[in-house]
1. Could you sort THR49, THR173, THR126 by their accessible area in this structure, using a 1.4 Å probe and putting the largest first?
2. What does DSSP give for the chain in terms of the percent of beta bridges that are antiparallel, rounded to the nearest 5?
3. Roughly what % antiparallel, to the nearest 5, for the DSSP beta bridges in region 14-113?
4. Considering only protein heavy atoms, what is the solvent-accessible area of LEU144 at a probe of 1.4 Å, reported in Å² to the nearest 10?
5. For the Cα atoms of the chain, what angle does the longest principal axis make with the long axis of helix 102-118, in degrees from 0 to 90, nearest 10?
6. Considering only GLN51, GLN79, GLN22, give the residue with the highest GNM mean-square fluctuation for the chain, with springs between Cα atoms whenever their separation is below 10 Å.
7. With a 10 Å cut-off between alpha carbons and a GNM built on the chain, which of GLY39, GLY83, GLY104 moves the most?
8. Helix 56-68: angle to the longest alpha-carbon principal axis of the chain, degrees 0 to 90, nearest 10?
Amino acid sequence: MRDQPSFLPPPEDVLEIGAPEQFAALAHPLRQRLLFALGHRPATTSQLTAQLDAKKGNVAHHLKVLREAGLVHVAETRQVRGGTERYYQRTARHMVVAEPQAAGTAAMLAAVAQELDRSPAENHLTLRHLPLSPAKARELGETLTRLVDEAEEEEDQPLHGVLVALYQQALPTSTTESA
């Protein structure tokens, strides 16, 4: 077995998503899955192809889109059998979407649905609507973020996906019912 290269941590701890090309890059479920896969360690196109059960050309194309949007970068290159092997890595450990857009949100939820469907273990999925004051909603959001940040263990454990969403439910567009 070949030695794996040693990698530095991502250059940024938190990247705030806000540029149009970043939202466009996030608007595809395979790109979301690539970001999930690159969440803990860099990988080559071939490794990602096998891990995600996708076609190599598709993975290469979507990595290029993510790279051009500044969401992944080449962490290291190695010469192998007359070619160059590139290890891709996320540009940040955490990516925060300050103002989510519908297309990116839909792609993220579709990618999570694919991950849930492929999971070999039992999943936990809960949707609740809670009446909360703005202060209590902010406190809950901060608590959920802290819990997720503190939950990480050693690298050799199975990966678990965590999606945290806290939003205020929209009011109905019409408050009167037709008779």
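1. Numbers: THR49 25, THR173 150, THR126 85 Å².
Ranked list, largest accessible area first: THR173, THR126, THR49.
2. 65 percent
3. 70 percent
4. Solvent-accessible area, nearest 10 Å²: 60 Å².
5. 70 degrees
6. The residue that fluctuates most here is GLN79.
7. Judging by the Gaussian network model, the answer is GLY83.
8. Here the helix axis deviates by roughly 70 degrees.
The values are calculated or read from the model by the stated rules, or taken from the named source; none is laboratory data. These numbers were taken from a predicted model, which means no experiment stands behind them. To get the accessible areas, we keep the full protein, side chains included, count just its heavy atoms, and leave off ligands, DNA and RNA. Shrake-Rupley method; radii C 1.70, N 1.55, O 1.52, S 1.80 Å.
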